[in-house]
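Asks: Before anything else, here's the structure in question.
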Amino acid sequence: MSGQLPRSKISAVQIISNQNGKFVLDEAALEQILLSSVVDRPILIISIIGSFRTGKSFLLNKFLNYLTNNELDGFKWSYGSSPHTKGIWMWNTPLSVTLTDGIEAQLLLMDTQGTFDNETTHRDCAIIFSLSAFLSSVQIYNIKNNIERTHLEYLNLFAQYKKVTENLLRREFRFEQLTFLVRDWHYPEEFEYGFSGGEKLLKSRLDNCGNESEEIKDITKNLEFYFKKKNCFLLPHPGQSILKKDCRGTFDELDTEFNEFSKIFFEKTIQSVSLNRAGAVHLSGKNLLEKFKEYVNVLNSQTIPDMESIASVGI
């Protein structure tokens, strides 16, 4: 693990808060994270988005345990039905990884507020998604049980913010990688756990869009346009212990099958990132800090329309 913080001070910290509909960047906290990184190594961000109470923070905490080979109590998660994570949080110590192309990089994990709770507006949901997509090398789209039409519709609508943001920034870009992570998959005999079964499921769902309305047909086309790469992973349920209030989510408490496939997911997600391909951007801590400032400022702009306006005019 890289970084200068002593073990007692390594933790997840909030870098963006939602204050009465305005997203506020904690520049001091983010600067401490990004500028503590090794100067000559590029920084990658893996983030997770999805509906509230679907286990995003729990999953990211397991990812952290995998990377550090230590069962740290990193991203806070809780038992129950109420939303837990607010705003956007980041692990405060860059983690050293070696990519499959041989490049030594530093990895940061980013957790986001759950979407579509009773407190978060559609506009806020779109901004959370957009910030995550703009800044991440891999954006994990966390879904429970199955890929439904509504998941694709929301994704398509959120991605429309890209066009608005391009106009404000006066430049075009594509998001990097979108990974559909289907949690608690119940049908491994139809589509097997892992990326192989996930790719088949995703293809099946997108192919079925051809039988839907023109709006739904656009989803497949837009996913190809907005993201340089997309894939899908099917993950089994972690087991009945996770339903107990006193469960801490340790390795021994969870089902063996879940632990095995979680490790495969974490390992292959890191392997999927390549900085040696044409057009790949190497970002330093200083570069990334400026990007955060720029995107938060743009997405807070009064010229950003609400979700209903985007949907009605078909931006």
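The values are calculated or read from the model by the stated rules, or taken from the named source; none is laboratory data. This is a predicted model, so every value here is computed, not measured. Cβ atoms come from the backbone with ideal geometry, glycine included; neighbour counts cover every protein chain shown. The protein model used for the area step is the full one, side chains on, heavy atoms only, and it has no ligands, DNA or RNA in it. Shrake-Rupley method; radii C 1.70, N 1.55, O 1.52, S 1.80 Å.
Asks: Being at pLDDT 75 or above, aliphatic (A, V, I, L, M) and over 19 Å from the mean Cα position of the chain (by Cα), is that true of even one residue in segment 291-310?
Replies: yes
Asks: Here's something else I'd like to know. Restricted to segment 230-254, and to residues that are at pLDDT 90 or above and outside any strand (DSSP E or B), which residue is surrounded by the fewest Cβ atoms within 10 Å (Cβ to Cβ)?
Replies: So the residue we want is His237.
Asks: Could I ask something else about it? Could you tell me whether any residue of segment 152-168 is at pLDDT 80 or above, outside any loop (DSSP other than H, G, I, E, B) and touching a strand residue (DSSP E or B) at 6+ places or on another chain (Cβ under 7 Å)?
Replies: There is no residue in segment 152-168 that is at pLDDT 80 or above, outside any loop (DSSP other than H, G, I, E, B) and touching a strand residue (DSSP E or B) at 6+ places or on another chain (Cβ under 7 Å).
Asks: Residues of segment 17-64 being of a type in the set (Lys, Arg) and closer than 20 Å to Phe134 by Cβ, which ones?
Replies: The answer is Lys22, Lys56.
Asks: Return the pair list, or none, for Cβ contacts closer than 6 Å from residues in segment 127-154 that are closer than 20 Å to Trp185 by Cβ to residues that are part of a strand (DSSP E or B) and open to solvent by 30 Å² or more (accessible area, probe 1.4 Å), at least 6 apart or on different chains.
Replies: none
Asks: Looking at this structure, is Leu30 among the aliphatic types (A, V, I, L, M), touching a residue at least 60 places away in the same chain (Cβ under 8 Å) and open to solvent by 40 Å² or more (accessible area, probe 1.4 Å)?
Replies: Spelling it out, it is not the case that Leu30 is among the aliphatic types (A, V, I, L, M), touching a residue at least 60 places away in the same chain (Cβ under 8 Å) and open to solvent by 40 Å² or more (accessible area, probe 1.4 Å).
Asks: On to the next question. Answer with yes or no whether Tyr141 is modelled with pLDDT of 75 or more, assigned to a helix (DSSP H, G or I) and out of contact with any Cys (no Cβ under 7 Å at 6 or more places or on another chain).
Replies: Answer is no for this residue.
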